[in-house]
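Asks: Have a look at this one before I ask anything.
Values quoted throughout were computed directly from the atomic coordinates according to the rules given, and no laboratory measurement underlies them. Keep in mind that what you see is a predicted model, and the values were worked out from it rather than measured. Every residue, glycine among them, receives a Cβ derived from its backbone with ideal geometry; neighbour counts consider all protein chains shown.
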Amino acid sequence: MEKESNKKPRILCLHGYRESAKILKKLIFRWPESVTGKLDLIFLDAPFPAKGKSRLEGYFDPPYFEWFQFNKAAVLCAAIPGMQREGVALTKVPKIKFVILISGAKFGGPSFGVPKLAVNAFSYPISCPSLHFLGEKDYQKKDGEVLLECFVDPQVIHHPKGHAIPELDDSSAEIILGFIEKTFQNLGTRAHQYNRKPMAKF
């Protein structure tokens, strides 16, 4: 049986607005094997066919998909650790161990309202380890900067592109690998800590 310490970190990869698991997989696997080879990447299509034109038409073949009534997967993923902590999402699965957010944003930030279930997701800082990609030309950059303030110790990769999955240079690859290594070294001591509510002070 494979030892726990030798298992690759499993990451559920959720595609963006009117995209697909196949498209996201192609984009992520442009990253160097030194990164992708250390991860167990699971790609999932959103549950509903896209109801409108995809910005990726002409670049990637259909089909394209949408996520429920909200189509910004990175915004949803950013809120899930807090929602899980509050007991309103993913209550029957283990606690999320970390998040990697490309062009993420905050519910209740500059551009997005707050769904009812996410109303308390950011009521206090989230200590779940997080890695954020911020593009200099991303129209959602300000939202991403606001999101950083919601996490206790956010790690950041800056890139010169827009609202897209960037290719990785050597520096970015080192940051990802360092994040993964540090996160999994700390899981033994933090697994039951990062999603706890702070104790009341008297």
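Asks: I need the trypsin sites (Lys or Arg not before Pro) found in region 94-172, filtered to DSSP loop residues with at most 13 other beta carbons within 10 Å of theirs.
Replies: Lys137
Asks: Something else about it: Enter the per residue convex hull volume of region 8-70, computed from alpha-carbon coordinates, in Å³ rounded to the nearest integer.
Replies: 79
Asks: Further, regarding this structure: Would you please name the chymotrypsin sites (Phe, Trp or Tyr not before Pro) within region 107-165 that are DSSP coil residues with at most 16 other C-beta atoms within 10 Å of their C-beta?
Replies: Tyr139
Asks: Give me, ordered by chain and number, the residues 5 or more places off Tyr64 or on other chains with an amide H under 5 Å from its own placed amide H.
Replies: Ala50
Asks: At a 10 Å Cβ-Cβ cut-off, how would you order Ser54, Ser123, fewest neighbours first?
Replies: Arranged by neighbour count, lowest to highest, Ser54, Ser123 become Ser123, Ser54.
Asks: I would also like to ask the following. With a/c under 1.5 counting as rounded, go ahead and sort region 88-158 into rounded, prolate or oblate using the C-alpha gyration tensor (a ≥ b ≥ c being the square roots of the eigenvalues; past the cut-off, prolate if a/b is larger than b/c, else oblate).
Replies: Oblate is the answer for region 88-158, as a/c is 1.5 or above yet b/c matches or exceeds a/b.
Asks: Compute the FRET efficiency between Asn120 and His163 as 1/(1 + (r/R0)^6), taking r as their Cβ-Cβ distance and R0 = 30 Å, and round to the nearest 0.05.
Replies: 0.60
Asks: Now a separate question. Using the Kirkwood radius over C-alpha pairs as Rh, can you work out the diffusion coefficient of the chain via Stokes-Einstein at 4 °C, viscosity 1.567 mPa s, in µm² per second?
Replies: 73
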